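See structure below.
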Amino acid sequence: MVARVHRLVQALPERFFAWSPVVREGSDLPDFWVVEEKTGRCVHLVVSDATEDQARGPGLFEAAEAWRPPSETESARVERVKDRLGEDAGAGAVLFPDIPADMLDKNIGGWPRAGREICRPAAFTDWIDAQLGQALDPERSRTIRSLFCPETVLHKRHAMRRNPSEPDVPRFLTWKQEEILKTDLDPGADGRQAAGDFGLLVVQGVAGSGKTLILLHRALLLSKLRRESRILVLTCNKPLQVELRRRFQELSGRSASVEILTFHGFCLKRWPGEDRPRVLQASLRRSLLDESLATLRRPLLMRRHLEEELAWIFDNGFQDEDTYAKSPRRGRGFRMDAELRAGMWTAANRFRTECAKEKAADWNLLPLLFRESAQGKELAGYDAILVDEAQFFAPVWFDCLRAFLAPRGHLFLSADPTQGFLRKGTSWKSVGLSVHGRSRRLERSHRSTRAIMELAWRVWSTRAEATDSDIVVPRMEGMGDGPAPTWYRFPDVRSEFAWIEDQVAGFLDGGGAPRDILVLHDDWNGAAELRERLESRIGADRIADARDGSKPQALRVCQLNAATGLESPVVFLSGTQRIFEREGSPELDEEARSQARDEATRKIYMALTRAGWRLVVTSTGPLPPEIVQCFGANPPTGG
């Protein structure tokens, strides 16, 4: 019966919001809470599963004294609901989808009733309108929603948008976020039994739209619905893994068992066999690459080009040289003739052979070896695998995930194509994923202010080629106001870092919390030096490398390539000129320059959208003119 009413509620006009508790047993809550968006008027709905036969009275072989009319049974339930919600919770009504109205009392525990005549699309909306009570005050509404759908309540540290000094009031997933959270979760026992049979769901959205929030809340909800399930959360870098673990522990109260790993950490932990390689030493890796580079005899070819091409070969898992030679290289960044392609294939095989001799693999080769080791083996599968920042996962990586996904398992992917869709121009289809009808889009950022998001989108739309249909255009209306992002140019690194130190110290001296600041630098060495200087200035206990999860209250410092998925109310983006250096290199041909520009655009967009309230950009050199123009009324200011 609940499922029938659920379909009616889903079909209500867009001016209505509706909530349904996923877990009902022992909750004494209504089956639905329907709210009119503009007025806030609402009604609670209790759905009876009684049938018409039950309403007619005891059967021939049923003892009369044991029979209770459905009205009496639901009256007792309504009283329990009122006790749970409180008398000031608003209007309510009771629905009997299988019983004609004339067989029922007009009031059930003081609430009006409706029979099967109302439980049809033509009549339901008008009836709902007639049952709406007065609007609840905001605090009472938040309290009821917290009781009704606790899985939608945000932890106070997870609402990163807005001024850190704003009042600390409960926040919730938006209606759109909640809808995605519960996609495929039908109400009642039948829905819970199907919790492991979702298949694929892809969520694509702008930066700060809540993709990670949905992923974490969904992982927690799955762990509660099916406690025996094995659930895995994966991401692409260590700082984000640390952040996801912290946030999930805060959300779950450490009560749920969910594995949260980087993809490469997953490979090392779940290696299927005794042949797990060790990680190749950096010095030996450079030596192997340089030896291969020398055999190619191309004076303009750099180690970086060889490294990127080998990574592409391993990421795609080409079976033979002919398949590799015929594969389009659009967006790869440099041109290759047939002879160089053949040389690259030979270099890739030689690199694999030398790694095998050492019983080692670099990070690019590791997933391919993992996939090969898993073939033909019976693996203990996960009931659900949820991937954050899936746009950075390569085709071979998805093969590995499928190998470890249990039959009828669930694969949930969160992605922002603007930041680098699927490793150099591949598509969901090319990695074996059919997303038609299984994709959702989030167009509104709930992390950043309008000023920050407008800057980021101006940068993106000014520099990027608008040819990718997967790009999600942000909706700016209704976004919160905040300080305009600023750019400061300094004569040298020393003065840039000293100024950032002063600004951070001033923020903390003024009562700001260290955890509300994220400091980014494009270079590993620059990030390390900034961290050391800040430790000396304000204390090592208040500063942390973003890869270190031992100090959750500390200010975080991170190298830019590892910052994907991180967020903070206040962000300092330093060394910004380095992002654009490669695209200005005179050695690049047209294709390589276009690729370098695309990579820089995606990186700066990602960096700008880490900020929720205050964004400060610094550099020790000029930025491209179109970037400068994007700052509008905020021209560069000398340090």
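The residue list L293, L261 contains one member that is outside any helix (DSSP H, G or I) and of a type outside the set (D, E, K, R), which is L261. Kindly indicate whether any position in region 536-545 is of a type in the set (G, A, S), surrounded by 20 or more Cβ atoms within 10 Å (Cβ to Cβ) and over 27 Å from P625 (Cβ atoms). There is at least one residue in region 536-545 that is of a type in the set (G, A, S), surrounded by 20 or more Cβ atoms within 10 Å (Cβ to Cβ) and over 27 Å from P625 (Cβ atoms).
The residue of region 216-251 that is surrounded by the most Cβ atoms within 10 Å (Cβ to Cβ), among those that are under 13 Å from the mean Cα position of the chain (by Cα) and among the basic types (K, R), is R218.
For region 187-215, taking the residues that are among the charged types (D, E, K, R), in a helix (DSSP H, G or I) and at pLDDT below 90, the one that is surrounded by the most Cβ atoms within 10 Å (Cβ to Cβ) is identified as R192. Of everything in region 116-153, what is assigned to a loop (DSSP other than H, G, I, E, B) and more than 30 Å from the chain's Cα centre (by Cα)? Give them in sequence order. If the condition is that a residue be assigned to a loop (DSSP other than H, G, I, E, B) and more than 30 Å from the chain's Cα centre (by Cα), then R116, E117, I118, C119, R120, L132, G133, Q134, L136, D137 are the ones that fit. Out of the residues in region 20-37 meeting the condition of being in a loop (DSSP other than H, G, I, E, B) and modelled with pLDDT of 80 or more, tell me which one is surrounded by the most Cβ atoms within 10 Å (Cβ to Cβ). The residue in question is P30.
When region 353-368 is filtered for residues that are surrounded by fewer than 17 Cβ atoms within 10 Å (Cβ to Cβ) and part of a helix (DSSP H, G or I), the ones remaining, listed by number, are T353, A356, K357, E358. Return the pair list, or none, for Cβ contacts closer than 9 Å from residues in region 200-225 that are touching a residue at least 12 places away in the same chain (Cβ under 8 Å) to residues that are among the acidic types (D, E) and assigned to a helix (DSSP H, G or I), at least 6 apart or on different chains. Taking only residues 6 or more apart or on different chains, the pairs are T212/E243; I214/E178; H217/E151; H217/E178; R218/E151; L220/E151; L221/E151; K224/E151. Please indicate, with yes or no, whether at least one residue in region 515-529 is part of a loop (DSSP other than H, G, I, E, B) and either in contact (Cβ under 8 Å) with a residue 24 or more places away in the chain or buried (at least 20 other Cβ atoms within 10 Å of the Cβ) (or both). Yes.
Among residues that are surrounded by 22 or more Cβ atoms within 10 Å (Cβ to Cβ), in the same structural domain as T486 (by TED's automatic domain parsing) and touching a residue at least 60 places away in the same chain (Cβ under 8 Å), T620 is not included.
The values are calculated or read from the model by the stated rules, or taken from the named source; none is laboratory data. This is a predicted model, so every value here is computed, not measured. Cβ atoms come from the backbone with ideal geometry, glycine included; neighbour counts cover every protein chain shown.
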